[in-house]
There are 2 protein chains.
Amino acid sequence: MNNFIYDVPTKVYFGENAVSNLHTELKNYGKKVLLCYGGGSIKKSGLYDTIIDEITKAGSEVFELSGIEPNPRIDSVREGVKICKEQNIDVLLAVGGGSTLDATKWISAGAKVEHDAWDFFSQWADVDDALPVLTVLTLSATGSEMNCGGVISNPETKDKIGRLARPLLPKASFLDPTLTYSVSKYQTACGCADIISHILEVYFAPEKDMYMLDCVMEGLLKTVIKYGEVAINDPCNYEARANLMWASTWAINTFVKAGKAHEWSCHPLEHELSAIYDITHGLGLAILTPRFLSYCLNEENVDKYVQFGINVFDIDKNLPPMEIAKLSIEKLSGFFFNTLGLQSSFTQVGINSEHFKIMAHKSCEGECINGFVKLYPEDVEKIFEMCL
Amino acid sequence: MNNFIYDVPTKVYFGENAVSNLHTELKNYGKKVLLCYGGGSIKKSGLYDTIIDEITKAGSEVFELSGIEPNPRIDSVREGVKICKEQNIDVLLAVGGGSTLDATKWISAGAKVEHDAWDFFSQWADVDDALPVLTVLTLSATGSEMNCGGVISNPETKDKIGRLARPLLPKASFLDPTLTYSVSKYQTACGCADIISHILEVYFAPEKDMYMLDCVMEGLLKTVIKYGEVAINDPCNYEARANLMWASTWAINTFVKAGKAHEWSCHPLEHELSAIYDITHGLGLAILTPRFLSYCLNEENVDKYVQFGINVFDIDKNLPPMEIAKLSIEKLSGFFFNTLGLQSSFTQVGINSEHFKIMAHKSCEGECINGFVKLYPEDVEKIFEMCL
C-alpha cells in the first residue's frame, strides 16, 4: 500500500436545478466569462437560456466558444485560448460532457502561457497556472468535473493524449441528473462503459490494495451495472441518472486510486483507436476491456478476478477460481454487449487490422505499458486481434 | 433523494511518515503555532519530538496547550483561546485523537470572537471565522480530521454538545496509520464502534437513499468489521490500521451522507450518557446501537435491516426478512461485545436507571428525535432500559 495525498477541493452542487447556484459561484471568479459548449444541444434543451440567465444574474459579461467536438481537438483549445487572451477572460464555464470539459480545462491553462497549447502534450510544457473553471455536466462518463485531467486530440499528428495538471481542477461543478435525461441510449451506454473502465483500470492492479477502496470500487461497479440498465430503458429515471452521475465522478477523482501508481492499460489502447478512427471513447473501451482481462488472466492473478466475480456479479464462490474468473469476464461482456447493447467487435464498427502494429507501438510509447500485467507491443497487437 | 452540496477541501497526507510533510503545510499559514495535545502520550512515543522538528523546519515559533481531556471540556477551549489572543497565534496544530482535534477546532473559532466560547453552544453564536487548523491524527474514530464538527462538554451544566461550523474544517490533516499502533485494544475497539455508529446513523434513514452510497457504506462497515478484529489481535498490522484510519475519515466527512437531513439517534443518546458518566463515547455507542436497532425494527422498515444483514454480514438471503433483521442485530452485537470485547451493558459500566428520565428528555431536547424512527422521551427511556 503506497502513501498518497488526497486533495480534491472541487465544490459540487448536486441535484435537480443545481445550476440555480451558478450565479453565486460565478461572482467569486470575476466579470468576464467564456462559455464553452459543444454542438448546440444545450440550446435545444433550454439549458443555454438557463445558463445565460445565471451569468446575467451574476452581473457578468459572456463570451462564447461553441462547437467543441467529441474527442476534442487542439484547434478548439487554440480558439478558446485566443478568445481568453483577446478579451481578458476571468473565468471559464464549461457546459457539456467530458469532451467540452476537457477542452475547457486546457483552454484555461493555455490562456496563461505564450506558447502553443499543443506544447502541453508534445513537449510536456509546464502547467503552472490556469484560469478558474466551472463546469455544468450533461453526460455521466469521464469524471472530468472533479479531476484535473483532460484528453486532447490532434488530427494532424493522429495523437490523442491525456494529461493531469493540478491547476486544471474545476473550482465548482454543477451536477443535475435531469440534464442527462436526454442523453441517447447509445451515449448512456458508452458513458457506463467509460465509468466501468475507469474503475477497472484501478481495481486490477499489480500493487497491494486497500481493502476499503476495493469495497468502494465494487460498490461503484454494482451501481453502474444496476442503473445502467435502468437508464437505458427508462431515460428519465432520476434515481438511475443520479446514481450514474455521482458514480462517474467518484470513479476517477483520485479517491479510489489512493496510492496506486501503475499505468492504465485499456485507456492508452483506446486512445490510439479513437485517434485514428474517431469512435466513441466508451465504445472502444467496452470492446477492449473484456479482451484485455482475458489476455491478462493467469494463475498468479486469478484471485483478483475471483473477488471481482463474486463481489460484483454474485458468482457462486464455490466454483473453481479459473471458472469464476472466466465467468466474470463473460458477465462483463454480457453487460456491455447485451444489457447496454453496445457493438461488440472492431469489425462491427469498421475497424480492421490495418493499423494494429503502429497503434500497438504508439500505445506502448515504444516500450511497454507497465500496468496490471506488463504489455509489450506484441501483446497489445494480440489484444487488438481478439477484438476483431 | 435530496439535493446536496459536497465541499470538503481538506488536504490529506496519508501513509507512513505523512508527518514529514507538516513543515511545508505549516509555512502556508503563518509563523506562530499553537500545538494542542492531550495527556502526554505523544511525548512517550516520540511523536512530540518529530512535531517540534517539523515546526522548527518550518521556521515557526511554537506555543503549547497540553492536557486536553477525552470528552474535551470547555475550559480547555477557553485556555486555548486565551493563548491565541495573548500570543497572536496564526495557526493551530492538533496532535491526538478526536477529542484533541475537536477542542482545537473550537479554539480556532473562539480566537476570533470576543464572547465566551461556550456561547457557541449555549447561545448558538455565529461562527463566521476561525484560525487555520492542521491535524495529526493518533486515533481512528471520530473523523474530526476531515469534517467541520466538534463536540465539547461542560461539566458545570452537564452538557455535551456537538456542532458543525464550516470555518472549523481542517486545512490539512496528516494520517499515519503507524501512529495508531500504540492505541490500546480497548481504545481501538471503542474507535471501531464509533466509526460503525457514524455509518449506521446515516445508513438507517427515513429518507430515500442513493444506492451508490449505501454500497459505499456497506463497504466501510465490512472494512471496520474485517480490520477491527485484526487490529485488536495484531496492533502493528499496517494494513488493518490503514484501513481503519481511512474508513474512519470517510464515515463522517459528509460524502456518504449526501442529502440526508434526518437527525441522528444514537449520538444524542450517548452524549447525554457521557455528559453525566464520562464513559468513552465509542463504548456508549456500542451498548446503545444494537438496542436502538432492535427497538426501531418494524414491518415497514425491515427491508433496510435485511439489506444490512445480507450485504454486510453475508446472512442467507433466503431466510424470512424478520429473521434476517434480527440476525443482523445479533451479528452487530457479536462484533461489538465478542470480537472487540467491549462491555455489553450499562450495568457492567456502573450506570443505573437513576438519570434515565432526565437524559431521555435532554436527548430529545424536550420534544423528539426526528431520526430513522421518531423517538420521544418515553422511547428513549425504553432504549436506555434495554441497555441495563
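The values are calculated or read from the model by the stated rules, or taken from the named source; none is laboratory data. Note that the structure is a prediction, hence the values are computed from the model and not measured. Don't worry about glycine lacking a Cβ; one is built from the backbone with ideal geometry, like all the others, and counts go over all protein chains shown. Just the protein is used for accessible areas: all its heavy atoms, side chains included, with ligands, DNA and RNA removed. Shrake-Rupley method; radii C 1.70, N 1.55, O 1.52, S 1.80 Å.
A quick yes/no check of all residues on (1) crowded, with 23+ Cβ neighbours inside 10 Å; (2) of a type in the set (Val, Ile, Thr); (3) under 23 Å from the mean Cα position of the chain (by Cα):
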{"position": "B:LEU297", "(1), (2), (3)": "no, no, no"}
{"position": "B:LYS317", "(1), (2), (3)": "no, no, no"}
{"position": "B:THR347", "(1), (2), (3)": "no, yes, no"}
{"position": "B:GLU354", "(1), (2), (3)": "no, no, no"}
{"position": "B:SER363", "(1), (2), (3)": "yes, no, yes"}
{"position": "B:GLY371", "(1), (2), (3)": "no, no, yes"}
{"position": "B:PHE384", "(1), (2), (3)": "yes, no, yes"}
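Scanning region B:188-208 for residues that are within 14 Å of B:THR254 (Cα to Cα) and acidic (Asp, Glu) yields one hit, B:GLU201. The residues in region A:165-205 that are more than 14 Å from A:LYS260 (Cα to Cα) and away from every other protein chain (no Cβ under 14 Å) can be counted, and the count is 18.
Would you mind finding the one in A:ASN237, A:ASN233, A:ASN243 that is of a type in the set (S, T, N, Q) and away from chain B (no Cβ under 13 Å)? Spell out the reasoning first.
On the way: A:ASN237 fails: away from chain B (no Cβ under 13 Å); A:ASN243 fails: away from chain B (no Cβ under 13 Å).
On inspection, the qualifying residue turns out to be A:ASN233.
If you go through region A:98-124 and pick out every residue that is basic (Lys, Arg) and out of contact with any Gly (no Cβ under 6 Å at 6 or more places or on another chain), you end up with 1.
Residue by residue through region B:68-81, note down the ones that are in contact with a helix residue (DSSP H, G or I) (Cβ under 9 Å, 6 or more places away or on another chain) and closer than 22 Å to B:HIS271 by Cβ. Give the steps one after another, and end with the answer.
Residues of region B:68-81 in contact with a helix residue (DSSP H, G or I) (Cβ under 9 Å, 6 or more places away or on another chain): B:68-74, B:76-81.
Scanning region B:68-81 gives B:ILE68, B:GLU69, B:PRO70, B:ASN71, B:PRO72, B:ARG73, B:ILE74, B:SER76, B:VAL77, B:ARG78, B:GLY80.
Of all residues in region A:173-187, those that are within 24 Å of A:ALA117 (Cβ to Cβ) and touching a Phe, Trp or Tyr at 6+ places or on another chain (Cβ under 7 Å) total 0.
Could we say that A:LYS304 is part of a helix (DSSP H, G or I), touching a residue at least 12 places away in the same chain (Cβ under 8 Å) and open to solvent by 50 Å² or more (accessible area, probe 1.4 Å) here? No: the conditions fail for A:LYS304.
How many residues, within region B:307-341, are of a type in the set (Lys, Arg) and not in a helix (DSSP H, G or I)? Walk me through it before giving the result.
Within region B:307-341, the subset of a type in the set (Lys, Arg) is B:317, B:326, B:331.
Among the residues that remain, those that are also not in a helix (DSSP H, G or I) are: B:317.
Result for region B:307-341: 1.
The condition (being over 21 Å from A:VAL224 (Cβ atoms) and either small (Gly, Ala, Ser) or without any contact (Cβ under 8 Å) to a residue 40 or more places away in the chain (or both)) is satisfied by just one residue among A:PRO320, A:PRO268: A:PRO320. Regarding region B:25-38, can at least one residue be identified that is within 25 Å of the chain's Cα centre (by Cα) and open to solvent by 50 Å² or more (accessible area, probe 1.4 Å)? Checked region B:25-38: no residue is within 25 Å of the chain's Cα centre (by Cα) and open to solvent by 50 Å² or more (accessible area, probe 1.4 Å). Criterion applied to A:LYS158, A:LYS85 was being among the basic types (Lys, Arg), exposed (fewer than 15 other Cβ atoms within 10 Å of the Cβ) and out of contact with any helix residue (DSSP H, G or I) (no Cβ under 8 Å at 6 or more places or on another chain), and the one residue passing it is A:LYS85.
Can you find a residue that is of a type in the set (Lys, Arg), more than 20 Å from the chain's Cα centre (by Cα), farther than 21 Å from A:LYS257 by Cα and assigned by TED's automatic domain parsing to the domain that holds A:GLY30 anywhere in region A:142-164? No; the residues of region A:142-164 include none that is of a type in the set (Lys, Arg), more than 20 Å from the chain's Cα centre (by Cα), farther than 21 Å from A:LYS257 by Cα and assigned by TED's automatic domain parsing to the domain that holds A:GLY30.
Condition check: acidic (Asp, Glu) and out of contact with any helix residue (DSSP H, G or I) (no Cβ under 8 Å at 6 or more places or on another chain). Does B:ASP176 satisfy that?
Working: acidic (Asp, Glu): yes; out of contact with any helix residue (DSSP H, G or I) (no Cβ under 8 Å at 6 or more places or on another chain): no.
No; evaluated as a whole, the condition is false for this residue.
Considering only residues of region B:39-51 that are surrounded by 14 or more Cβ atoms within 10 Å (Cβ to Cβ) and not β-branched (Val, Ile, Thr), which is nearest to the other protein chains (Cβ to nearest Cβ)? Step by step, filter region B:39-51, then rank; the result is B:LEU47.
Results for (1) open to solvent by less than 10 Å² (accessible area, probe 1.4 Å); (2) under 20 Å from B:GLY284 (Cβ atoms), shown as yes or no for each residue.
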residue	(1), (2)
B:GLY150	yes, yes
B:ALA172	yes, no
B:LEU175	yes, no
B:SER182	no, no
B:PRO206	no, no
B:THR223	yes, no
B:LYS226	no, no
B:ASN233	no, no
B:GLU239	no, no
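Filtered by the rule that a residue be within 23 Å of the chain's Cα centre (by Cα) and without any contact (Cβ under 8 Å) to a residue 60 or more places away in the chain, region A:39-48 gives A:GLY39, A:GLY40. Scan region B:123-155 for residues that are free of Cβ contacts under 8 Å to residues at least 24 places away in the same chain and either small (Gly, Ala, Ser) or in contact with a helix residue (DSSP H, G or I) (Cβ under 7 Å, 6 or more places away or on another chain) (or both) and the total you get is 1.
A count restricted to region A:206-229 and to residues that are modelled with pLDDT of 95 or more and more than 10 Å from chain B (Cβ to nearest Cβ) stands at 3.
It is to be established whether one or more residues within region B:168-183 are of a type in the set (A, V, I, L, M, F, W, C), modelled with pLDDT of 95 or more and in a helix (DSSP H, G or I).
Yes, region B:168-183 contains at least one residue that is of a type in the set (A, V, I, L, M, F, W, C), modelled with pLDDT of 95 or more and in a helix (DSSP H, G or I).
Annotation note: Cβ proximity below 6 Å between a residue of region A:4-29 that is closer than 13 Å to B:ASP7 by Cα and at the interface with chain B (Cβ under 7 Å from one of its Cβ atoms) and a residue that is of a type in the set (A, V, I, L, M) and open to solvent by 10 Å² or more (accessible area, probe 1.4 Å) (sequence gap 6+ or interchain) occurs for A:TYR13/B:ILE5.
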